[in-house]
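What follows draws every value from the coordinates through simple rules; no lab data is involved. The structure displayed is predicted, hence computed values, not measured ones. Note: ideal-geometry Cβ built from the backbone for every residue, glycine included; neighbour counts use all protein chains shown.
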């Protein structure tokens, strides 16, 4: 209780802003953090919106101008949960003001913006980006197992992020369909599976991909037919720096899949299989002679990553919001200047360069290096 | 934010006390509750213990005497997370002091105590008992489907609560092995599957059961061999009031099961299958002609119970602590005098009477009515 | 090709008779049997029926009288696939004539008949009974693992045989509903799960069970309403001779279950889980410290039982008819006087005594010894 | 029994030759075929080998020269189960001799050979190729569902054929590693998933793929280190003629996968998911509003394809050899000049052209048309 406080300005109060507010509160109670996170101001596009949301979320101050919040000398970290177009200006301003920055993914809407943000962070101010699914204790286990050679040399990573919220012809044209807002399945959700591949297997050297738009026209909320220029799904072959190959896919028209972030990693001595649809499990195969080989379904428990902070008993399961809480822990640790599992702006930029390479490969028709 | 406050005295600061504190905080942020729950005092067996825990959990006051906390006129509800032996005296004192009471399961260590507690609640003060697993949105869905006749008349309920934390001969003798502390697998975890059966199918008219103790002697933490007189597992045939039959089982020596609260309900027109090990799913079979019949795996989403309060998108999954948060919501609603999904002391007494009947059946050797 | 021939009279040409004929032919090609099985005569209730079926199945001779077939001195083994009522007279006559006998389950329609059949086999003539599911290579593996102590001491067996072919109110009254033809779910399919429990865990010392009839009246094919006096489902608690407990259930009204012969065996050091719905798999849990424990899904392969006779590669899967082929192999080996996995009449009688004890328990209301 | 006979010369008596012999016998008993298949001669590389195998398989004649068998005027169909190098000369000679030809996959070892074989079949003689997995009743169901629009327009096919028989560094260099014997994972098993994609979704317009060799050197049975020039795994992005995209992969180093022929097909109104590891099941998702949507696990039964010929009851499961029996049925129907599900030489050539395009894409680095 005598821990120093980390004063946070939260920018944005939509679904993700609320998730941030809840996660900061939960992280403070769940973990023994080096700094006690305190969201002291909520900024949104206008003061009434910000004030109402702040009241609901128990945040003491509100602002209709994010610049004001950043200018506040008491603020240590800026958390960005705005529309994607605003990520870059806010983040750069915050970094220039000497704040730590915790930004939702995608980092920005163009590679140029992401590079500018990463350059701004080169000053050394801590950054963190919200790749929530990487913070899963079972993904931590997967990473450990691979690092320790339990599955031998990795030979393949085949992964997908599949959802179906745009599968219907009736799904309306919305901001996710705008190319200049980082729209499209590849940018919106494909970044998760790219980040996962890099997190677990390493750098991607080359990609050959293809985009597909199932519905070239969608109707917007105003009843206007709008041309869709972004992808509904993406498929790519990838070559990792270590020579292994595999596939990456992303789709928001994968009927029936609600959170289908799934992969299988093959190695010379074993394999790992995972789906976010049952994210408290990891399946592990270890090669060897004998009549009892097979994939073992490992059930999340306190022996895995940060699970124990939520529950002392195996099998009880953590939820999506708990993953966000672990992510916030990493962001706070980064802000405190400590070693942290947080993904930095540079990490996020590397992910977006892969996505961009897939996009270029689609246009140009062959292998492209990120 | 102008909602009236529900002042709570929390008694007990172990694992379950902490879970309560976190759940009250989370419920207040997650739901639009009729009263804003505020844990204002934490009582434990002595002041230093209580003070330390209160500091950790952000509770403003601490007390070394639960009687003092109950005597405080500002307190509206007493939350009991103590060892089982203390449930009855605290709950009865709190009810007599006019407080609402929210008590962990099991209600008490004997039927007589549970009856006394239920009698004390007859005054009309709201009560709630922590049958966490009943608050799962997918269980809410199961209940709706059954009530609406989607699976026809229920013909069978076969369920188990299986864990393995006592499966090893080396698992030490602890308080859970003490019969006068509601020890044994039947009392400790069997109550969950009994409560589930009653929640979904209705009253149990008769039982024939058998207890089994795999390890008649266990060593305690002090290195002494202690005779074990409680059950390691229980198996029973049950007859429901509506004539349907089935089985109930409980085991804490079910090697490999970490949270194996599982059941299948058969009906004349369909079936429902569930396991807490994947509790964001429910499997539903609907009878009918055709080549595409089968069990459908329904993935939890905002269309199910309280899921949407945690996440607006399907498939992201809620965790165990979120179930506790929903349970707290019900307790707060009950305390506000509103219709609520909370299970009352009377409900919990009915569950314990079934457990007691199984125990008597084991001793007496035949069918016993709860 | 110079192996001696085993001349077989097959009695009955319905579904099961055809399955026998196919299995004898397949076994001869699949295995290196000590005797080459040759079905030389098919007997059925009248000559035209027998002649037509023999032609279809490639059997050289036909008879309208099973007594004639048995009287034939060239016949070495009689295979019985008739309605259950005829099992006893045919089997006894065949044994008295010195033939080996291979009989479908259930052995007979009453305990008295089964005892008479078993007595007739006491002469030493080989007998075999068709408990097809016991011949699964994965069940052979389960038995080995248990025998070798891989899961420690068995503490529980919980099993069910669930199907749904009578789940609808419209399912007609047929011979399976006739009590004097071994009708009812317990007799018809419950025998499989009882046989499995005995095969894997050992003798059952005592049972307490309950029968349930969902539809007291069903309409027969002639449109007449008929009173149903047999059970639609059965549930029982069992105590094994070794002290372990568990549950057994059988149901032909378990909506959605097509071949739901499933069980979980818990032991002090591990567990085994199985369902016939995926019968080329066995799930094994071995206790132990560490972060990678869990149930391992073992995929059937040539290292398991007789799988390799069908396919040299793992994972390709064998089918129901292949199980029947393995069963026939055991029957032929028994007929040759060799050690064999075949279940004898005495084994089948022991199974039926358990079923009978459950029936008596239902009537009498308590624990009954088989 | 008065059906005309189809006299067959079987060439090759290894694993696959034996599988053919068993499947012809089984098909004759299982189905009501237009012609009764009779393997009258078995040819192999020398007379002693052929004679021994013929004796074991119950085939009346043997030959040490396949040309002799083809020259026999009584032969109606030639079944080819030899090493891949011999497929072309035997098939072409047989077609020229006016025989129907049933050939194992791959059709040949080069596109040129396959084209020559297909040209030889242009005379109109019936041909059939052994793509066993396409004959699965659940694949028949998938095809029906797609054709009837149950999942809307297909937007993606993502599939893999993964096994692990070469995953170990110790797996020896064998004929499968020889490029001139159609070696490599793509040729050996990748053809199955390509055939499946074409069978269910249609023509593949373009591919971009990559091969990977995990072990550039393997030791052969004689202890010599041999350079491996074929692929251990293949990954490709594909564009279908209808515009949909997806991925194809093949691997024989996919540790833990024994028969991992798996795919998911997404459509605008639903999805289908399948794995050969549980090939008696198909998972179907149909879009629509409501709280009970999800993937339905359909269990194979007599309402699906040819399942009912093997078993009249759902859920009992057919095995790999039964799939082969259905394949033989199609070959016999083709040989009889009837409409048939058999895949012709032209179909097999089209599959191999896709594989060849992937190989060229790997070399050339971009998109290639088959």
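Side notes on the structure shown:
- Neighbouring Cβ atoms from other chains, within 10 Å of the Cβ of residues in D:205-214, number 5 on average.
- From helices alone, chain A scores -9500 deg cm²/dmol at 222 nm; the rule is -39500 (n - 2.57) for each run of n ≥ 4 DSSP H residues, then divide by the residue total.
- Annotation: for a label point projected 7 angstrom from Cα along Cα→Cβ of residue D:338, no residues of segment D:75-111 have a backbone N closer than 15 Å.
- Two-site FRET efficiency, residue D:32 against residue A:169, from Cβ-Cβ distance with R₀ of 51 Å, rounded to 0.05: 0.65
- Anisotropy class of segment A:59-157 from Cα gyration tensor, a/c 1.5 cut: prolate
- Residue mean of other protein chain beta carbons inside 10 Å, B:257-264: 5
- Span from the segment A:130-168 Cα centroid across to the segment A:234-250 one, whole angstrom: 13 Å
- Residue order, fewest to most beta carbons within 10 Å, for D:343, A:353, C:198: A:353, C:198, D:343
- Shape call, the protein assembly as shown: gyration tensor on alpha carbons, a/c limit 1.5: oblate
- Summary value for chain D: 19 percent relative contact order, contacts being C-alpha pairs under 8 angstrom separated by 6+ residues.
- Antiparallel content of DSSP bridges confined to chain C, in %, to 5: 60 percent
- Counting neighbouring Cβ atoms within 10 Å and putting the fewest first, the residues B:74, B:168 line up as B:74, B:168.
- Its relative contact order, with pairs defined as Cα atoms under 8 Å and 6+ residues apart, puts segment B:5-132 at 23 percent.
- By the beta-carbon count within 10 Å of each Cβ, the least crowded to most crowded order of B:316, C:199, C:362, fewest first, is C:199, C:362, B:316.
- Taking every DSSP beta bridge that has both ends in segment B:5-132, the antiparallel portion is near 0%.
- Residues residue A:74 and residue B:292, FRET efficiency given R0 of 60 Å [Cβ-Cβ distance, rounded to 0.05]: 0.45
- Packing order of peptides C:323-331, B:105-113, highest average first: C:323-331, B:105-113 (average count of other Cβ atoms within 10 Å over each peptide's residues).
- Separation between Cα centres of segment A:29-106 and segment D:296-361, rounded to whole Å: 60 Å
- Placing dummy labels 7 Å off each Cα toward the beta-carbon, the span from residue C:221 to residue A:148 is 6.4 nm.
- Overall form of chain C per C-alpha gyration tensor (a/c, 1.5; a/b vs b/c): oblate
- Sorted shortest first, the distances from the residue D:149 label point to those of the same residue in the other copies are 3.3, 5.9, 6.6 nm; each point sits 7 Å from Cα along Cα-to-Cβ.
- Across segment B:42-95, the relative contact order, built from alpha-carbon pairs under 8 Å that are at least six residues apart, equals 29 percent.
- Among the residues of D:167-177, the average count of other protein chain beta-carbon atoms within 10 Å of the residue beta-carbon is 2.
- Protection proxy ranking, highest mean first, for peptides B:150-162, B:206-218: B:150-162, B:206-218, where packing is the per-residue count of other beta-carbon atoms within 10 Å, averaged.
- Secondary structure note: in the protein assembly as shown, about 60% of the DSSP beta bridges are antiparallel.
- For residue A:205, inter-copy label distances in nm, listed shortest first [label point 7 Å out on the Cα-Cβ vector]: 3.2, 6.7, 7.3
- Shown is the FRET efficiency for residue A:3 and residue A:123, computed with R0 = 25 Å from the Cβ-Cβ distance and rounded to the nearest 0.05: 0.45.
- Springs between Cα atoms under 10 Å define the GNM used for chain D, and in it the highest mean-square fluctuation of D:200, D:22, D:56 occurs at D:56.
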